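> Can you read through this structure? Questions will come right after.
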Amino acid sequence: MKNNNYPVAQQLTIPDALNQAYTHWNAGQAQQAEQLCLRVLQVLPQQPDAFHLLGLMAHAYGKPDLAIDYLRKACLFPAVPATYRSNLAEMCRQKGLLTEAEQVARRAVEQEPQLIAAWNNLGIILQESGKFEASLECLQRVVSLQPDNPEAFNNLANTYKRLDQLDQAQECYRRALALRPDYAEVHSNLAFLLNDLGRFDEAVASAEQAIDINPQLVDAYFNLAQIEMSRMRYADAQRWIDALLAFAPQHAGGLTARAQLLVNGEHYHDALACVRQALTIAPDSANAHNVLGKVLQALGLHDEAALAFDRAATLPGTVAEQALAARAVLLMETGNKEEAIAAFDRTLERFPGSVRVMAARSDSKTYRTDDPDIAAMEAALVRAVKPAVSDQMSLHFALGKAYLDTGNSERAFFHLDKGNALKRASFSYDAARTGEWMQKIAAAFTPALMQKFKDAGAASERPVFIIGMPRSGTTLVEQILASHPAIHGAGELSALRHAVELAGIFPDDIARWNKEDFARIGRDYLSRIDGLAPNALRLVDKMPANFLYAGLIPLVLSGARIIHCRRNPVDTCLSCYSKHFAGEQLFAYRLDELGAFHLEYQALMESLRKVSPADRFLEVDYESVVDNLEGEARRMISFVGMPWDDACLSFHKTRRIVRTASVSQVRQPIYSTSKGRWRRHAAYLGPLLNALGIEQPAEDAP
């Protein structure tokens, strides 16, 4: 370069000074290297080599902003080595500046097409930007130039995985491990791939092997947590996230994963604090903004949730498709069905042919035989490159609904059986133990106990509990009640469960509780709902699983009312079997287990009905509501102590948030097509009918 003969000191030229600076740096003598670079810049303020070395040093010492500033100055000169631009691109990528990173990396490969590091960096940048086809092209070039480079195969595998080409991804990961068996990052990445393939135990073993090799590999802990979350082992997932944050407390991905776990546990305010902390560390994290949207959605802050999903969709990364679909579902929940349909359409314009979006919008439509979504989803399941197991599940459930809509029972149950089997294989569930637990609950609530503590609870007329099996009409009943101007429908609250869990082990500890213990649980519950619609005279808590606490509610909340929703057992179970629930309904994914659970539920409710205060316990049959809406609605409004209001008959027009699997149904007037629905599909319900002790109708027998 010109001016290289300017002296830095009497005995050093600029090239000599820079050579010595690099020598000091390579020897670990950072202070001496920095001093020499600064002396060079005193003489030649725009010397790019000095800026480059200062940038490398700043990066090594955890000063990314300063490092990028130095590298930008170094790269102002057209003639600097392509390596400088490649290094700047990588630093920008690490900082999340993907647009600048891509621009600089492209300059590097244009300047020196044989610079493998630059192609590698560009491939990773494009991968993280969601430009997977372009990333694949770059990384395939790297592998062709360096066929024995395990890092190159790892990077290429990551892009194949993003493209859902899982077989090619696995082949590349295996190739990388063949070249370098102790490559911890590849063991971790392979674990995440195996999770997508539904090979959960192998996935856990691979991630644990990564940690054995490198105990501080944050991605391995993160992947282990994701694996355990995918099979609903939340305690194990929490253990891995805690281990990660113990040595990397400012890891934004770990904090975001913790927030997701808190959402799963319905600790929404804690989740909000956690994800906001992640965003202070990584304000441009698309994943963190997406999780923020989920948290805000769960808290009922729908306008803020929409903004968070929109922000996630505009940031570089791989969650835009998921965020946009979530945004459309949010519109469904708020009653804006036409806007939701338009939002799904716009998402498909951005991600043409996305079967994930097609599956996500299945509840927003009634399918016709010629619906193009059906053919597209069918094709996705039979193509050579299979979707991830989670996507296969979603597709099977969506197709099950589609064929139920079109009246094709054979195809509907082909897909429902497949989807349920995949889901059931992802977690452990002990049907016998669950039945024993419900029997223990029934035995705990004796007439003597109910009489002794009948006045123990916190006195409040405000709570109304709607309980029953999922898909038994609980959402419909809530919507009718919530259409009354003095009644607020709060949705499915976890408040009672949290209050009970805080008090002890249920039902084991009931025999040891005294009057104050019952009152404390009631006060705890009331404190959790106090901020919800404070002006409403009645607040409806529609958590179906609160049927487990139906005996406890009168003892902890002496003024509370319970509405128990009932529906034909086979129709109820069929409706459960046809839904891919967002929450934990572990009993719902095998027909025989569904039937067994329903029998235990019926026995429990029969026992609790006998000991419940008659004036505080009402049973409502779904079929009766369908046949006599006004009569049943008036009975319910009278039961909760409110004057009649005609708005309750126009429940489908009530604009409120509905966050359940029944979101689309309660936006319609009453219809009777779900009554006795199971008979049309009886030939495919053998295990369920056997478990329930119901004979298969002769005319429907296969």
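Read-outs: derived from the displayed coordinates by stated rules, not from any lab. What you are looking at is a predicted structure, and each value in this text was computed from that prediction instead of being measured. Heads up, the Cβs are rebuilt from the backbone with ideal geometry, glycines too, and the neighbour counts pull from every protein chain shown.
> Below 8 Å between Cα atoms, with a sequence gap of 6+, how large is the relative contact order for segment 543-638 in percent? Could the numbers behind the result be given before it?
On the way: 60 pairs, mean separation 37.9, N = 96.
Once normalised by length, the contact order is 39 percent.
> What net charge is computed for the residues neighbouring Cys75, neighbours being all others with C-beta under 10 Å from the C-beta of Cys75, Lys and Arg scored +1, Asp and Glu -1?
Numbers: positive: Arg72, Lys73, Arg85, Arg107; negative: none.
Local charge sum for Cys75: +4.
> Okay, moving on. Placing +1 on the Cβ of each Lys and Arg and -1 on the Cβ of each Asp and Glu in the chain, which of Gly300, Thr434, Gln226 has its Cα farthest towards the positive end of the resulting dipole?
Comparing the listed Cα positions along the dipole, Gly300 ranks first.
> Just order 349-355, 338-344, 256-262 by mean Cβ neighbour count inside 10 Å, highest at the front, would you? Could you put the intermediate results ahead of the total?
Values: 349-355: 13.3, 338-344: 17.3, 256-262: 25.3.
Going by the mean number of other Cβ atoms within 10 Å, highest first, we get 256-262, 338-344, 349-355.
> So how far, in whole Å, is the C-alpha centre of segment 354-410 from the one of segment 51-111?
46 Å
> Okay, next question. Go through segment 555-568 residue by residue and turn each phi into a ³J(HN,Hα) via Karplus (6.51, -1.76, 1.60, θ = phi - 60°); whole Hz please, and just put x for glycine and proline.
Couplings: 7, 9, 9, 5, x, 6, 10, 10, 10, 9, 8, 10, 8, 2 Hz.
> Roughly how large, in nm² to one decimal, is the mean projection of the convex hull of the alpha-carbon atoms in segment 27-122?
Numbers: hull surface 24.3 nm².
Directional mean of the projected Cα hull area for segment 27-122 stands at 6.1 nm².
> Please tell me the relative contact order of the chain in percent, rounded to the nearest whole number, where contacts are Cα pairs under 8 Å and at least six residues apart.
Details: 1068 pairs, mean separation 57.8, N = 702.
Computed over the chain, the figure is 8 percent.
> Per DSSP H run of n ≥ 4, the term is -39500 (n - 2.57); total these for the chain, divide by its residue number, and report the mean residue ellipticity at 222 nm rounded to 500 deg cm²/dmol.
Numbers: 35 runs with 430 residues, N = 702.
Result for the chain: -19000 deg cm²/dmol, rounded to the nearest 500.
> Hey, what did segment 448-673 get for relative contact order, percent, Cα under 8 Å, at least 6 apart? The partial results should precede the final answer.
Working: 330 pairs, mean separation 71.8, N = 226.
The normalised contact order for segment 448-673 reaches 32 percent.
> For a quick check: with amide H placed at 1.01 Å from N, whose amide H comes under 5 Å from Leu539's, ignoring anything fewer than 5 positions away on the same chain?
Val464, His488
> How big is the shadow of the Cα convex hull of segment 359-515, averaged over all directions, in nm²? Walk me through the numbers before you get to the answer.
Numbers: hull surface 55.6 nm².
Mean projected area of the Cα convex hull: 13.9 nm².
> Relative to the present Cα-Cα distance, how much length would full extension add between Arg634 and Lys452 at 0.36 nm per residue of separation?
Details: separation 182, 0.36 × 182 = 65.52 nm, distance 3.31 nm.
Here the segment from Arg634 to Lys452 would lengthen by 62.2 nm.
> Can you give me the C-alpha center-to-center distance between segment 527-598 and segment 228-282, rounded to a whole angstrom?
Their Cα centres are 27 Å away from one another.
> If you don't mind, there's one more thing I want to ask. Can you run phi through the Karplus equation (6.51, -1.76, 1.60; θ = phi - 60°) for segment 483-497 and list ³J(HN,Hα) in whole Hz, with x for Gly and Pro?
6, 6, x, 9, 10, 10, x, 8, x, 8, 8, 9, 4, 5, 4
> Also: Whole-Å semi-axes of segment 448-673's equivalent ellipsoid, largest first, each the root of 5 times a Cα gyration tensor eigenvalue? Please report the intermediate quantities before stating the final value.
Numbers: eigenvalues 141, 97, 50 Å².
Taking √(5λ) for each Cα gyration eigenvalue gives 27, 22, 16 Å.
> For the chain, with equal point scatterers placed on the C-alpha atoms only and solvent neglected, what are the log10 I(q)/I(0) values from the Debye formula at q = 0.05, 0.07, 0.09 1/Å, to two decimals?
-0.32, -0.58, -0.88
> Using 0.36 nm times the number of residues separating Asp182 and Ala432, minus their current alpha carbon distance, what extension gain do you get?
Working: separation 250, 0.36 × 250 = 90.00 nm, distance 4.35 nm.
Contour length minus the Cα-Cα distance gives 85.6 nm.
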